[in-house]
Every structure is written in C-alpha cells, then in structure tokens.
1. Go through the range 110-133 and report how many residues are farther than 15 Å from Cys85 by Cβ and in contact with a helix residue (DSSP H, G or I) (Cβ under 7 Å, 6 or more places away or on another chain).
2. Which residue, of Ser56, Ser90, is within 10 Å of the chain's Cα centre (by Cα) and of a type in the set (Gly, Ala, Ser)?
3. If I filter the range 89-136 down to residues being without any contact (Cβ under 8 Å) to a residue 12 or more places away in the chain, assigned to a helix (DSSP H, G or I) and not polar (S, T, N, Q), which single residue comes out as surrounded by the fewest Cβ atoms within 10 Å (Cβ to Cβ)?
4. What number of residues in the range 29-60 are more than 18 Å from Asn119 (Cβ to Cβ) and either open to solvent by 50 Å² or more (accessible area, probe 1.4 Å) or not polar (S, T, N, Q) (or both)?
Amino acid sequence: HNVTDISEMFEGCTALTTVPLFDTSSVTNMILMFGYCSNLTTVPLFNTHNVTSMTSVFEYCSALTTVPLFDTTNVVTMNSTFYNCTNVQSGALALYQQASTQANPPTYHDGTFYNCGSNTTTGAAELAQIPSDWKA
C-alpha cells in the first residue's frame, strides 16, 4: 500500500535534529508532520507533488535554518506551515514566490510564514518581503 497520510508522524520529537530523505511521492496529507520538533535543524527536499495539505508541517520548529523549495503545485492548505520557525536563514521568500504565483495558489495560507526567520538577519529580510496575509 502507498502511504498517503503522514500527519503527526514526528510531532513533538524534540530529540530529532535531522531526517533522512524517504519516499513521500504518494503522500497527500502532511499536517503537523514535524510540528513542535524544536531541535530539527534541516529537512531534505521531500517529494510533495501530490500533497494537498501542508498545514503546520514545521510549526514551532524553532531550530530549522532553511525552508526547502517544496513542490506546492497541488497544495490547498498551507496554514502555519513554517509558523514560529524563528531561526530560518533562507528559503521562505523563494517558497512564497513559487506558491503564490503558481497556476492554483494555495487557498489557505494564514500564518504560513508567521515569525519565520525573525531571529536571523537574512531570514528577517526575507520575511519583510512576504505579504502580511501569508504571515498573520
């Protein structure tokens, strides 16, 4: 069977600092997959082509340093994806630009980048260029 829902798979794993790349090609739901993994610093570029919900995937991952340029082609809900990822240094602006200009931008994106990168110089500079409706 192809796994389609990996919601909450690692939620609250505070000991997790990095994860290996694994097959997510059939996944459609990633809600809170890494939520509250406060020591997670890096994640690989997962195959997210079929994902429709990325809500809170990295919420409160305060040690995360980079936002990967995930494929958001089919994403509908992206609320709070990088909410309070305060130590992000780069990647948020590129992901916002891609998602907001694709053929069907995500319908729901409240708080996607709330405080994302706010503790780093480069991250804060990127955050300043993202419209408030993607941050509030």
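1. Residues that pass the stated criteria total 1.
2. After applying the criteria, what remains is Ser56.
3. Ala128
4. 17
The values are calculated or read from the model by the stated rules, or taken from the named source; none is laboratory data. Just so it is clear, the structure is predicted and the values come from calculations on it, not from any experiment. We place every Cβ from the backbone using ideal geometry, glycine too, and count neighbours over all the protein chains shown. Only protein heavy atoms, including side chains, enter the accessible area calculation; ligands, DNA and RNA are left aside. Shrake-Rupley method; radii C 1.70, N 1.55, O 1.52, S 1.80 Å.
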